[in-house]
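Report on the following structure.
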Amino acid sequence: MSANVDDTTLAIRNVLREHARLGDAVATLEEDASLYDAGMTSHASVDVMLALESEFDLEFPDRMLRREVFESVAAIRDAVLELQEA
Amino acid sequence: MTKTHLLAALPDIASGVVAAHAAQVDRDARFPVEGIDALKAAGMMGAAIPSDAGGLGCSLEELGKMCAVLARNCASTAMIVAMHHIQVASLVNHAISQPEVRDYLLRVAGERRLIASGTSEVGPSGDMRQSVCFLESMGQDFTVTKKCTTVSYGQMADDILFQARRTGEASAGDQVAILATRGSYVLDPLGGWDTLGMRGTCSPGGVLKARIAPWQVLDASFATVAAQTQVPWSHILWSCCWLGSATDAVEKASTVVRAKARARPGQVPHAALDLSRLTGKLLLMRSVIQALTREYEMIMTSADHADLESLGFALRDNNLKLNTSELAVEIVSDALRIVGISAYKNDSEVSLGRHLRDVYSAPLMISNQRIHSTNASMLLVHKTV
């Protein structure tokens, strides 16, 4: 389980590095830090969602498509793990 | 003054003092001071403030209906009132628990203060969720300089609500909402306001230089204020203003068609068919506004306001603006065709020139092109159609 959490976190950080348009900041960002405050625009957040769906081969249901679900690395991981367990 | 008084007084203010000056306000591109003064005297500045906080406690639906009634007579007056309510609602929904803001809201109602919006900014993005300007510490206070592309009735306002980056180091999206109050800011106009329509809103750009006390920086982030209040309230109240212009246009068309019918009883005039189509569009416009207003008010009375920050709500809310802004132009243009040359004349009883010029602003204020592109992007992940 913990290995999965680590792998998931790593994959999420990779997606963010590629698509969140935050520059180098994303590598050092705390798990709970707000990605939006760090500079992720709502436009970039859609790219992040698409890339996450592709990376983890899942689809976020509409109920998850809200700001708080993509607020931080930890929040995204919770959402991904929830969908993987379902 | 109570809500009942205001709601009862409004139709007479609209068809009286507001209507009386509408043509001159439009011609001279001047602030509709007579109408706004009458509305101030009737309590309109505090209409959106809850009654236990010194206001009249009108619901969003009631405020929208009043904007529509005003817009039937003067779209500029209606838009000024709508913009003021949006600023007030931002403070009520996100900062009323801050004691100084609560005191300030009492003064808005009591001193009939008019609040303008400084959300636009000269800069690369044109997106209000990305700021260039930022708060700079100055002792206990802050200073900020913001170059705004448009500030409606900025020179006539008492106070200005705007957003800036939290600090000089903050990212463009890390914004706070800030209230600048009269006496602690200057707004130097940038350019003029000689426009096709909405001339009475007097909305040139401006350079805002303000000194800000700590309480004037709202605790809630601008992201939340924008998503939960400013964007939905703008789309709903602007739509109500456009609905008012469209309603008056349809009413004028209907008067003309009825007169034609009376001249030749027994025959349904051809224009009556066009009027039938037009009435359908007006009904559609009214219904989409009502539906989103109810959905918004329902979410606001529920425990979890974060539903307002879902892609689903954002899509529906954006679609409201797209639909009503396009319908308004369509309806007024159709009405012009039905009425004919007398609607085209500026000096006739059924002139629709000002209506048409005014509603042409609807697809431009926050350009529909931009909103479509935002929706297109959201639809890449949103599943339910």
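Output the residues belonging to segment B:170-199 that are modelled with pLDDT of 95 or more and within 14 Å of another protein chain (Cβ to nearest Cβ).
Within segment B:170-199, B:Q175, B:V176 qualify.
Find the residue count for segment B:211-237, including only residues that are part of a strand (DSSP E or B) and among the β-branched types (V, I, T). If you could, list the steps in order and put the result at the bottom.
Taking segment B:211-237 as the starting set, the residues that turn out to be part of a strand (DSSP E or B) are B:211-212, B:217-221.
The next check asks that each one be among the β-branched types (V, I, T); those that pass are B:212, B:217.
Going through segment B:211-237 one residue at a time, the tally reaches 2.
So, in segment B:157-209, how many residues would count as being under 30 Å from A:A20 (Cα atoms) and part of a loop (DSSP other than H, G, I, E, B)? Explain how you work it out, then say what you get.
So in segment B:157-209, the residues under 30 Å from A:A20 (Cα atoms) come out as B:161-178.
Filter once more, so that each one left must be part of a loop (DSSP other than H, G, I, E, B): B:166-174.
Residues in segment B:157-209 being under 30 Å from A:A20 (Cα atoms) and part of a loop (DSSP other than H, G, I, E, B): 9 in total.
Residue by residue through segment B:368-385, note down the ones that are under 15 Å from A:L65 (Cβ atoms), more than 9 Å from chain A (Cβ to nearest Cβ) and touching a helix residue (DSSP H, G or I) at 6+ places or on another chain (Cβ under 6 Å).
Within segment B:368-385, just B:N375 meets the criteria.
Can you say whether B:V250 is touching a Leu at 6+ places or on another chain (Cβ under 6 Å) and over 28 Å from B:V33 (Cβ atoms), as far as the supplied structure shows?
So B:V250 fits the description; yes.
Mind counting the residues in segment A:53-69 that are part of a helix (DSSP H, G or I) and more than 10 Å from chain B (Cβ to nearest Cβ)?
Within segment A:53-69, residues that are part of a helix (DSSP H, G or I) and more than 10 Å from chain B (Cβ to nearest Cβ) number 3.
Residues in segment B:105-147 that are under 22 Å from the mean Cα position of the chain (by Cα), buried (at least 19 other Cβ atoms within 10 Å of the Cβ) and away from chain A (no Cβ under 14 Å): how many?
Residues flagged as under 22 Å from the mean Cα position of the chain (by Cα), buried (at least 19 other Cβ atoms within 10 Å of the Cβ) and away from chain A (no Cβ under 14 Å) within segment B:105-147 amount to 13.
So which of A:A27, A:A86, A:A74 ends up being loosely packed, with under 15 Cβ neighbours inside 10 Å, out of contact with any Phe, Trp or Tyr (no Cβ under 8 Å at 6 or more places or on another chain) and touching a residue at least 40 places away in the same chain (Cβ under 8 Å)?
Details: A:A27 fails: touching a residue at least 40 places away in the same chain (Cβ under 8 Å); A:A86 fails: touching a residue at least 40 places away in the same chain (Cβ under 8 Å).
When all the criteria are applied, what remains is A:A74.
For B:L308, which of the numbered conditions (1) assigned to a helix (DSSP H, G or I); (2) modelled with pLDDT under 95; (3) farther than 30 Å from A:F60 by Cα fails to hold?
B:L308 satisfies all of (1) assigned to a helix (DSSP H, G or I); (2) modelled with pLDDT under 95; (3) farther than 30 Å from A:F60 by Cα except (3).
Which of the residues that make up segment B:215-245 are more than 19 Å from B:R166 (Cα to Cα), within 14 Å of chain A (Cβ to nearest Cβ) and surrounded by fewer than 24 Cβ atoms within 10 Å (Cβ to Cβ)?
B:V231
Results for (1) of a type in the set (A, V, I, L, M, F, W, C); (2) within 14 Å of another protein chain (Cβ to nearest Cβ), shown as yes or no for each residue.
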site: A:D6; (1), (2): no, no
site: A:A11; (1), (2): yes, no
site: A:R17; (1), (2): no, no
site: A:A27; (1), (2): yes, no
site: A:E31; (1), (2): no, no
site: A:A38; (1), (2): yes, yes
site: A:S45; (1), (2): no, yes
site: A:A51; (1), (2): yes, yes
site: A:E82; (1), (2): no, no
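Go through segment A:43-86 and count every residue that is under 19 Å from B:A314 (Cα atoms) and within 13 Å of the chain's Cα centre (by Cα).
Kept after step one, since they are under 19 Å from B:A314 (Cα atoms), are these residues of segment A:43-86: A:43-50, A:60-71.
Narrowing the set further to residues that are within 13 Å of the chain's Cα centre (by Cα) leaves A:44-50, A:60, A:64-71.
The qualifying residues number 16.
The values are calculated or read from the model by the stated rules, or taken from the named source; none is laboratory data. Note that the structure is predicted; figures quoted are calculated from it, not measured. No Cβ is skipped: glycine too gets one built from the backbone with ideal geometry, and neighbour counts run over all protein chains shown.
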